[in-house]
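Just below is one structure, and these are the notes that go with it.
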Amino acid sequence: MEGLKEIVRACTKCRLHLGRKNAVPGEGPAWARIVLVGEAPGRQEDEEGRPFVGAAGRLLDSLLREAGLRREELYVTNLVKCRPPGNRRPRSDEISACLPYLLSELSALRPALVVALGETAGRSLSQALGIEWRGLGEMRGRKRVGALGGRALALLFTYHPSAALRRRELGDLILKDLTLAAEIARGNPPGDPEDEPHSQDHP
């Protein structure tokens, strides 16, 4: 993983490296059972070279604590490792250039569950792992199982915490999904999350 992080920090595969201060590889223990995947670094992440250290990261940390999860026991990363200008959404060629880094992280970690934060990460991971994408509103709160390198990989989808900074009611939904993630990672989810939505109260 350290070698992969050095490759990420030196990457020049797409235009995003031209405006970055720091590329932002994932961080967390190699034994993490849950991997959180966001969209891309923001301004503070670009400054520090670490994922989820800005306002969205602080909200995420708070929600994780409420869900009974400790960030230091999770692996936290992004779909795209460099900040897009003006925090715009990553473009398709930028995602294509960076996706192999994320898949390498997941292959090395072999987590019990991957939680995709937001539409962009959810759609891209679904496509990469052979899961039909039907929009975040329908996908959130349900566990899906894809495949990576011939191994099954479980995914759960929820909103990005930055969305909850704009719409506070989404924080409650993220909390429900993170609580479900904790149960899945422990091996005792309520009901069958592949068949039953965790919540029908998405907006």
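Considering only segment 134-155, state which residues are in a loop (DSSP other than H, G, I, E, B) and in contact with a strand residue (DSSP E or B) (Cβ under 9 Å, 6 or more places away or on another chain). Across segment 134-155, the qualifying residues are R140, G141, R142.
Here A67 clears all of (1) small (G, A, S); (2) farther than 14 Å from L117 by Cα; (3) within 15 Å of the chain's Cα centre (by Cα) except the condition numbered (3).
Among the residues making up segment 97-142, those that are farther than 19 Å from A181 by Cβ and among the aliphatic types (A, V, I, L, M) are A97, L99, L103, A108, A128. Among the residues of segment 16-26, those identified as of a type outside the set (K, R) and either part of a loop (DSSP other than H, G, I, E, B) or crowded, with 21+ Cβ neighbours inside 10 Å (or both) are L16, G19, N22, A23, V24, P25, G26.
Residue-wise test of (1) touching a residue at least 40 places away in the same chain (Cβ under 8 Å); (2) within 18 Å of F157 (Cα to Cα).
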position	(1), (2)
G57	yes, yes
D61	no, yes
R65	no, no
R70	no, no
E73	yes, no
C82	yes, no
R91	no, no
L102	yes, yes
A116	yes, yes
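Scanning segment 106-118 for residues that are part of a helix (DSSP H, G or I) and within 11 Å of V37 (Cα to Cα) returns a single hit, L106.
The residues of segment 168-186 that are under 18 Å from G38 (Cβ atoms) and among the charged types (D, E, K, R) amount to a single one, D177.
Going by what's in this entry, would P41 be described as within 13 Å of the chain's Cα centre (by Cα) and without any contact (Cβ under 8 Å) to a residue 40 or more places away in the chain? For P41, the condition - within 13 Å of the chain's Cα centre (by Cα) and without any contact (Cβ under 8 Å) to a residue 40 or more places away in the chain - is not met.
Selection over segment 44-70 of residues that are under 21 Å from L102 (Cβ atoms) and not small (G, A, S) gives a count of 11. Consider S62 carefully, then state whether it is within 15 Å of the chain's Cα centre (by Cα), polar (S, T, N, Q), surrounded by fewer than 22 Cβ atoms within 10 Å (Cβ to Cβ) and part of a helix (DSSP H, G or I). Against the criterion (within 15 Å of the chain's Cα centre (by Cα), polar (S, T, N, Q), surrounded by fewer than 22 Cβ atoms within 10 Å (Cβ to Cβ) and part of a helix (DSSP H, G or I)), S62 does not qualify. The sole residue among E47, E94 that is modelled with pLDDT of 95 or more, farther than 26 Å from G146 by Cα and in a helix (DSSP H, G or I) is E47.
Only one entry in P29, P41 is buried (at least 24 other Cβ atoms within 10 Å of the Cβ) and outside any helix (DSSP H, G or I), namely P41. Among the numbered conditions (1) surrounded by fewer than 13 Cβ atoms within 10 Å (Cβ to Cβ); (2) acidic (D, E); (3) at pLDDT 90 or above, the only one that D177 does not meet is (1).
The values are calculated or read from the model by the stated rules, or taken from the named source; none is laboratory data. Since this is a predicted model, take the numbers as computed values, not measurements. Cβ coordinates were reconstructed from backbone atoms using ideal geometry, including for glycine residues, and neighbour counts include every protein chain displayed.
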